[in-house]
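The values are calculated or read from the model by the stated rules, or taken from the named source; none is laboratory data. All values reported here derive from a predicted model rather than from experimental measurement. Heads up, the Cβs are rebuilt from the backbone with ideal geometry, glycines too, and the neighbour counts pull from every protein chain shown. Just the protein is used for accessible areas: all its heavy atoms, side chains included, with ligands, DNA and RNA removed. Shrake-Rupley method; radii C 1.70, N 1.55, O 1.52, S 1.80 Å.
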Amino acid sequence: MNITVIGAGKSGVAAAILAQKKGNNVFLTESKSQELYKDTAAELSKYQIKSEFGQNTETGLKNCDLIISSPGVPPSAEIIRRAEALRIPIISEVEYAYRHTKNPIVAITGTNGKTTTTSLTAFLL
């Protein structure tokens, strides 16, 4: 499977590494400059993950079967709109991780109260 990860933050890199370890052909694209991601570029290279920095080109959309998008990438981003036009499935990093775990997951989302809810959940568990 050809997977493109959009976003080189911690969770994007983790998703790319997981996808690579699962035997997929992975490409990571990041719109920010590589100068901001020197260690990241080295880590991706260690896992033989192809990447681009400084722009999101169409390279990652060619023959792509799945897009894993970081939460910081807005739905209005050109690469997301182009992927939608090409009907490439787009999922989040959390969904991708969920697909590869057998453990139960407690997901806490929202704008306000996550820290309190997470603390309460941890106490209860």
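What is the dipole size for the stretch 40-98, taken about its Cα centre, with +1 at each Lys and Arg Cβ and -1 at each Asp and Glu Cβ, in debye to the nearest 20?
140 debye
First check a/c for the stretch 12-116, with a ≥ b ≥ c the square roots of the eigenvalues of its C-alpha gyration tensor; if it is under 1.5, answer rounded, and if not, answer prolate when a/b is larger than b/c or oblate otherwise.
Rounded is the answer for the stretch 12-116, as its axis ratio a/c remains below 1.5.
With a 1.4 Å probe and all protein chains kept in place, how much accessible area does Y98 have, in Å² rounded to the nearest 10?
Per-residue accessible area (Y98): approximately 140 Å².
For the chain, what does the accessible surface come to per residue with a 1.4 Å probe? Please give it in Å².
I get 66 Å² per residue for this part.
Give the ranking of E35, E43 by solvent-accessible surface, highest area first, calculated with a 1.4 Å probe.
E35, E43
Using only Cα atoms and rounding to the nearest 10 degrees, what angle (0 to 90) does helix 10-21 make with the longest principal axis of the chain?
With rounding to tens, the tilt is 70 degrees.
Accessible area of K32, 1.4 Å probe, to the nearest 10 Å²?
Ignoring ligands and nucleic acids, K32 comes out at about 110 Å².
Quote the charge dipole size of the chain about the Cα centre in Debye, to the nearest 20; the model charges only the Cβ of Lys and Arg (+1) and of Asp and Glu (-1).
Dipole about the Cα centre, nearest 20: 300 debye.
Any aspartates and glutamates with Cα under 17 Å of the K10 Cα? List them, leaving off those in the same chain fewer than 8 positions away.
E30, E35, D39, E43, E52, E93, E95
With the full set of protein chains in place, find how many percent of the accessible area of the chain is carbon and sulfur; take the probe as 1.4 Å.
Here carbon and sulfur together make up 51 percent of the probe-accessible area.
Sequence-distant or interchain residues sharing an amide H contact under 5 Å with V5, placed H: which?
So V5 has HN proximity to F27, L28, T29, I68.
How far is helix 114-124 tilted, in degrees, relative to the longest principal axis of the Cα atoms in the chain, given as a value from 0 to 90 rounded to the nearest 10?
Relative to the chain, helix 114-124 is tipped by roughly 60 degrees.
Cα centroid distance between the stretch 2-18 and the stretch 70-125, in Å?
What the calculation gives is 13 Å, centre to centre.
Which listed residue (N103, I6, G60) has the Cα farthest towards the positive end of the charge dipole for the chain, taking +1 on Lys and Arg C-beta and -1 on Asp and Glu C-beta about the Cα centre?
N103
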